[in-house]
C-alpha cells in the first residue's frame, strides 16, 4: 500500500480518472475514495467522476443490487454543489429499483434551483411509471416536461411512450408518438413495444407495415425482434415467416443472435420445432440468449431429452449458463427424472450465487420433488431467501403428488400465514390432491366449497377432478357420480377415468357401467379406457363382457401402450419397453431375466389376476407383461454401477410385482412412493395422457 504522501502526488484529475477506469468492483471504488480522503489534497473531490463510475459497474461486482445506489446517495449528500449531471446519474441508478427515492431526488433537484434537461426526464418518467401510484406521477412528469419545452425532444418522447405503455395506456402513448415531428427507429420501436406489452399483436404488425410503407426509417434488428415477439405471443406463424423472409431476402440482413433468438422463440411457440432448429443452426455466433431460446423451446414442447442434449452442447461450446438456462434445463430434468444432472445444476447455482433468484430456486424445488427427492426439495425451499406463490406451489404439489398429503396441507397452512401471498388455482390443485392421498374427505369438501366465496377462485376442471377422485376413493361412488353430473360445462375423460378406476377397485358395476358408456364415447381411441372397463367386468365375473371390451378395442384398431421403465445411469436416462427384443445393446441381460422369472415362480409369487387383461392365462405370460421392462432396467443398472444409488421410473402397468422382482437381487433397501392406480393419479393431478402417468420411486441396491 502506498503512503498518503506518495498517493497525493498522483491525484490529478487525469490520474484519478485513470485509476477509476481500472476499478472493477464497488469495493475498489470505495478504496480509491478512501485514499483520496486520506491524501488531504487541496483539489476538489471528483464527485461526478465517482458517480459516473457506478453506472459502468457490473451487477455481480456489488455485494447487493442496491449497494451501488446507496453509495450514490452518500456521494450526493456529501457533494457541496451537485450539478444536474450529478442528479441525472442518481436518478438513473434509482429509477428502476427504488422509484420513490428517484422522485424525491428530483424534487430535491428542483429545490436546489437546478433545471432538468433532456436527460433528466427519461429517468423521471421511468421512475413515475414504476411508482405505486404510477398514473398521476407519470402525467405530472409529462406536464412538467411540456412546461419546460422538452416534450418534443427525442429522448423525452421515447421515454413518454415507454412510460405510458408501462401503465397500459396505449392511447396516450400513441398520441405522444403521433406528435413526434421527426420519428427515428427508436420512436417506432418504442411504440411497437408499447403495443406488444399490451398484447396488441395486430397493431404491432400494422405498425411494422406502416413503417415499411413510409420508407423514411428502415427497421433494425430490434424492430424485427419486437415484431417477432408479438407474433410469438399471438401465434401468428404466417406473419413471423413473412418477417423472416423480408429480413433475409428484401433487407439482405444476416440472422444474428438477437433476430435468431426471436425467430426461434416464435417458431417454437407455434409448435414448429424443426424450423426453430433450422434458424438456430444458422446463427453464426450463438450467445447465451440464443441457447436459452432453443433449450427453453424444446423443454416447453415436451422434448426434454433433446433440451438436455442441447445443454451439454452449450457447455461444450464454452457458453456459460445463466439463470434462464437453469430454469429451462431443470424443467427438462424434472420431466425425464434426470436427478444427477439436476443435482449438478443445483451445485452450479449455489456456486454462482443464483439461489437468490426465485425462479431458479423454484425450478430446483420442482425438479427434486418430481424426481422423488423430497428432502432435498424441502432443503432448497428453506434456503430460498425469497419465495413467491410458484415456490410454495412447487413444494405443496410435490409433497401431494408423492403421497405426503398431511405434509402438503401443513405447508399450505404455513403459506396462508405468509404476508403478501395468496393461494392460486394451482395451489388448490395440490392441496386437493393431498386430501386425496391423505383420505381427508371433510377437509377437501370444506376447501372446495370455499374456493369462490373465500379465495375468489372459479373451480377449474382439475379441481372438479380432484373432488371426484376424493369421493371415489372414499367409496362414495354414487355421490361422486352425482357430483360429476352437476359439474358446469363438459365433463372430461380425466374425471371419468378417476371414477372408472374407483369402480374397478370397489367392484361397483352399477356406477361403472354408466362411466364406461360415457368414457368410451368421449375417448374411443384411448386404450386405457377399454382395459379398465374390461377389468371392471372381470372383477364382477362377467367374463363375456370383459372379453367384449377387449374385442371392441381390437376391432377399432386401438393398441395398448406397452409397459415401460426408465433408469438413469451416469447422467443418461435410458428407456425400456416391454419387448422381446434386446434394448440398449444388452442382449445378455435377457438371459438373466429368464432366471429371475423362474426364481420368482419358485418363491411363490402370485399376482392379482384382476390387474391384467383377461386373455392372459398363464403365469409366464403374466410375469412377462408385469416385470419385463423393469427387470431390463434393473439389470442394466447393476451391470453399469452395482454399488451406486440408482434412479428408477416405471409406468403404472409395470408396478405390480415390483418389490418382489427387486427382492430377487438379494437384500434391498427401497423407498417406494407411487399412486394407487395410473388413471386415478392422472385424474387427481389433472394430467391425462394416453400412457399412464409415470410414477417415481427411488431404490438403493446392495448386491450381496
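Inside segment 463-476, residues that are surrounded by 22 or more Cβ atoms within 10 Å (Cβ to Cβ) and either in contact (Cβ under 8 Å) with a residue 60 or more places away in the chain or within 12 Å of residue 502 (Cβ to Cβ) (or both) make up a count of 8.
Which ones in segment 490-502 are outside any helix (DSSP H, G or I) and touching a residue at least 12 places away in the same chain (Cβ under 8 Å)?
491, 492
Filter segment 405-433 for residues that are more than 18 Å from the chain's Cα centre (by Cα) and touching a residue at least 60 places away in the same chain (Cβ under 8 Å); which is nearest to residue 327 (Cα to Cα)? Step by step, filter segment 405-433, then rank; the result is 433. Filter segment 344-354 for residues that are surrounded by fewer than 17 Cβ atoms within 10 Å (Cβ to Cβ) and either in contact with a helix residue (DSSP H, G or I) (Cβ under 6 Å, 6 or more places away or on another chain) or assigned to a helix (DSSP H, G or I) (or both) and give the result. Within segment 344-354, 344, 347, 348, 350, 351 qualify.
Residue 99 meets the conditions (1) closer than 16 Å to residue 33 by Cβ; (2) crowded, with 16+ Cβ neighbours inside 10 Å in every case but one. The failed one is (1). Take residue 204 and decide whether it is modelled with pLDDT of 85 or more, assigned to a helix (DSSP H, G or I) and in contact with a helix residue (DSSP H, G or I) (Cβ under 7 Å, 6 or more places away or on another chain). Yes; evaluated as a whole, the condition is true for this residue. Residues that are in contact (Cβ under 8 Å) with a residue 24 or more places away in the chain, surrounded by 20 or more Cβ atoms within 10 Å (Cβ to Cβ) and over 26 Å from residue 340 (Cβ atoms) do not occur anywhere in segment 373-391.
Hey, any hits in segment 443-461 for a residue that's under 21 Å from residue 391 (Cβ atoms), assigned to a helix (DSSP H, G or I) and more than 24 Å from the chain's Cα centre (by Cα)? Yes - at least one qualifying residue is present in segment 443-461.
Condition check ((1) touching a strand residue (DSSP E or B) at 6+ places or on another chain (Cβ under 8 Å); (2) in the same structural domain as residue 396 (by TED's automatic domain parsing); (3) in a helix (DSSP H, G or I); (4) buried (at least 24 other Cβ atoms within 10 Å of the Cβ)) across all residues:
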position: 281; (1), (2), (3), (4): no, no, yes, no
position: 284; (1), (2), (3), (4): no, no, no, no
position: 295; (1), (2), (3), (4): no, no, yes, yes
position: 305; (1), (2), (3), (4): yes, no, yes, no
position: 314; (1), (2), (3), (4): no, no, yes, no
position: 321; (1), (2), (3), (4): no, no, no, no
position: 330; (1), (2), (3), (4): no, no, yes, yes
position: 335; (1), (2), (3), (4): no, no, yes, no
position: 368; (1), (2), (3), (4): no, no, yes, yes
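The values are calculated or read from the model by the stated rules, or taken from the named source; none is laboratory data. Worth saying up front: this structure is predicted, and the values here are computed from it rather than measured. Because the Cβ atoms are built from the backbone with ideal geometry, glycine has one as well, and the counts that use them run over all protein chains shown.
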